[in-house]
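S.K.: First the structure, then my questions, so here it is.
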Amino acid sequence: MFTSKFPEMGTTIFSEMSQLANTVGAVNLSQGFPDYSPDPILFECVAQAMKSGYNQYAPMPGMPALRNAVAEKYTQVFLKQHGNSTDVIPPNADTEITITPGGTVALYTAIATVVKPGDEVIIFSPAYDSYGPAVIANGGVPVYAHLLFPNYMPDWDEVHALTTSRTVLIIINTPHNPTGTVWDAAQYTALEEYCNKHNVNVLSDEVYELITFDGVRHISVLSIPGLRHRAFVVTSFGKTFHITGWKIGVCIAPSHLTAEFRKVHQFLTFSVNTPMQVGLANYMLNAETYLGLSEFFQRKRDYFRGLIGSTRFTVLPCKGTYFQLLGYANVSDETDVNFAKRLTTEHGVAAIPLSPFIPGNVSQPVLRFCFAKENSTLELAAEKLARV
């Protein structure tokens with residue numbers, strides 16, 4: 001007899017809200033994808049790769065040119081952030097970088113690499129909704145630590161108390177989806193102390209690494225020598241280059257962890273779209289294609305926040321990602337899921353409630369809005385929100 005691994009699981013809230021938005025014709029600020037076109041030069045790079053014959057299987061770890069481009073990206077970012085510090089070393093393209101079919105697959109593969117039946121994994125909640133199911137699918141046990149409203153920062157005393165001899169991994173996400181928080185150096189010091197005390201590996205979801213605001217900078221686990229040797233770092237080209245539908249991601253880890261990661265990767269997916277890898281590699285030869293991303297999205301964030309000033313919604317802090325949390329306590333006392341659905345059907349704006357990111361679906365009076373949209377889209381959404 002077949003027994004489901006996920007008997008209570010249904011469709012994700014992202015699919016549900018996007019489908020509802022499409023059904024009623026609402027402005028869709030729910031799922032995190034841009035509604036504007038990527039750079040046409042990137043399209044030309046991919047087309048040229050196809051014409052040049054890059055149409056067969058790529059090497060299992062990824063095309064060397066793209067892995068080199070990723071290593072160079074970290075060289076550029078680390079130089080910009082840390083100068084010529086000898087403590088900060090970019091990843092090795094051959095032994096530490098693996099290209100994957102999207103960031104979510106990279107996350108799953110890293111979890112499958114580490115987690116055995118009965119192992120426990122610390123996950124901070126609210127959490128991106130793929131973490132827990134990936135742990136369960138590999139026989140592990142998700143153990144949730146709370147990021148408390150409204151600051152959404154860890155309580156390290158709680159994290160230590162939740163840790164047992166079966167804890168093998170802690171998953172962090174900064175800049176954080178869905179809350180927009182960004183960890184500072186003190187949080188990484190606490191993480192390093194925690195990992196050293198309990199001998200726990202780290203899975204760091206850094207897909208929004210290049211999108212931070214107000215002078216706040218993202219600190220990569222790769223830049224911390226005391227953590228790097230025990231960490232998997234996941235990033236994605238989708239968020240960086242506005243190509244979420246291409247589903248190309250990266251996992252970076254020290255060579256001993258990468259060797260184990262690739263053992264799973266080779267049987268999970270083996271290789272990733274070849275011409276897109278080559279096209280991305282050529283496109284990234286110009287570092288300006290990614291170094292200016294924070295400024296681009298800060299303009300989007302600030303524009304959207306300015307528009308929200310004419311509504312009854314409350315703007316919460318947002319230091320990174322392309323999501324803005326808005327409080328609705330002044331508008332309704334409904335649960336976040338019910339209010340999100342009514343906002344979509346009656347007022348024509350789709351957003352994401354936070355409770356699906358929280359074990360037990362605990363409702364909080366906030367919704368997540370994606371501002372990676374054309375200004376005209378944001379203006380129409382704000383016009384509708386002003387009438388709520």
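Readers should treat all values here as calculations from the given coordinates under stated rules, not as data from a laboratory. It should be emphasised that the depicted structure is a prediction, and the values quoted were computed from it without experimental measurement. Here the Cβ is made from the backbone with ideal geometry for all residues, glycine too, and neighbour counts use every protein chain on show.
S.K.: With the contact rule set at Cα under 8 Å and sequence spacing of 6 or more, what percent relative contact order holds for the chain? List each step's numbers first, then the result.
M.R.: Details: 752 pairs, mean separation 98.1, N = 388.
Once divided by the residue count of the chain, the mean separation gives 25 percent.
S.K.: Compute the signed sum of charges (Lys and Arg +1, Asp and Glu -1) over the other residues within less than 12 Å, Cβ to Cβ, of Gly10. Could you put the intermediate results ahead of the total?
M.R.: Details: positive: none; negative: Glu8, Glu16, Asp129.
Combined, the nearby Lys, Arg, Asp and Glu give -3.
S.K.: Give the residue from Thr164, Thr269, Asn68 lying farthest towards the positive end of the charge dipole for segment 41-288; charges sit on Cβ (+1 for Lys and Arg, -1 for Asp and Glu) and the dipole is referred to the Cα centre.
M.R.: Towards the positive end, the residue furthest out is Thr269.
S.K.: So I have [x] 75, 52, 34; [y] 55, 53, 53; [z] 61, 51, 37, and one of them is Cα extents along the principal axes in Å calculated from this model. Which one is it?
M.R.: Entry [y].
S.K.: What FRET efficiency, computed as 1/(1 + (r/R0)^6) with R0 = 35 Å and r the Cβ-Cβ distance, is obtained for Phe296 and Ser52, rounded to the nearest 0.05?
M.R.: Working: r = 30 Å, r/R0 = 0.86.
My answer for the efficiency is 0.70.
S.K.: Which pairs break 30 Å Cα to Cα here: Lys247/Lys373; Lys116/Lys319; Lys5/Lys341; Lys80/Lys116? Each step should come with its number before you reach the end.
M.R.: Values: Lys247/Lys373 19 Å; Lys116/Lys319 35 Å; Lys5/Lys341 28 Å; Lys80/Lys116 39 Å.
The answer is Lys116/Lys319; Lys80/Lys116.
S.K.: Still on this model: Indicate, rounded to the nearest 5 percent, the antiparallel portion of the DSSP beta bridges found entirely in the chain.
M.R.: Details: 18 of 39 bridges.
Antiparallel bridges make up about 45 percent of those DSSP assigns within the chain.
S.K.: Another one. 222 nm [θ] for the chain, helices only, -39500 (n - 2.57) per DSSP H run of 4+, per residue, to 500?
M.R.: Details: 15 runs with 159 residues, N = 388.
For the chain, the value works out to -12500 deg cm²/dmol.
S.K.: Using the Cα centre of the chain as origin and beta-carbon charges of +1 (Lys, Arg) and -1 (Asp, Glu), tell me which of Ser15, Tyr322, Val234 is placed farthest towards the positive end of the dipole.
M.R.: Toward the positive end, the furthest listed residue is Ser15.
S.K.: Still on this structure: Taking the Cα-to-Cβ direction at Lys197 and at Glu44 and moving 7 Å from each Cα, how far apart do the two end points lie in nm?
M.R.: Modelled inter-label distance: 5.5 nm.
S.K.: Would you mind working out the magnitude of the charge dipole of segment 41-288 relative to its Cα centre, with +1 at each Lys and Arg C-beta and -1 at each Asp and Glu C-beta, to the nearest 20 Debye? Don't skip to the end; give the middle numbers.
M.R.: Values: 14 positive and 20 negative charges, 145 e Å.
Charge dipole of segment 41-288: 700 debye, to the nearest 20.
S.K.: Quick check on the exposure proxy: order Tyr54, Tyr108 from fewest to most C-beta atoms within 10 angstrom.
M.R.: Numbers: Tyr54 19, Tyr108 23.
Fewest-to-most Cβ neighbours within 10 Å comes out as Tyr54, Tyr108.
S.K.: Which of the three applies to segment 192-320, rounded, prolate or oblate, going by the alpha-carbon gyration tensor with a ≥ b ≥ c and a/c under 1.5 meaning rounded? All intermediate terms of the calculation are to be shown ahead of the outcome.
M.R.: Working: a/c = 2.27, a/b = 1.36, b/c = 1.67.
Cα axes put segment 192-320 in the oblate bin.
S.K.: Among residues other than Ser125 whose Cβ falls under 14 Å from its Cβ, what is the net charge (Lys/Arg +1, Asp/Glu -1)?
M.R.: Values: positive: none; negative: Asp129, Asp155, Glu158, Asp205.
Net of charged neighbours comes to -4.
S.K.: Be a star and scan segment 1-35 for residues whose amide nitrogen sits under 11 Å from the point 7 Å along the Cα-to-Cβ vector of Asn338.
M.R.: Within reach of a label on Asn338: no residues.
S.K.: Out of residues 5 or more away from Asn201 or on other chains, whose amide H comes under 5 Å of its own, with H placed 1.01 Å from N in the peptide plane?
M.R.: Those lying under 5 Å, H to H, from Asn201 are Leu169, Ile170.
S.K.: Remind me, relative contact order of segment 36-112 in percent, using alpha carbon pairs under 8 angstrom and six or more residues apart?
M.R.: Numbers: 32 pairs, mean separation 23.9, N = 77.
RCO, segment 36-112: 31 percent.
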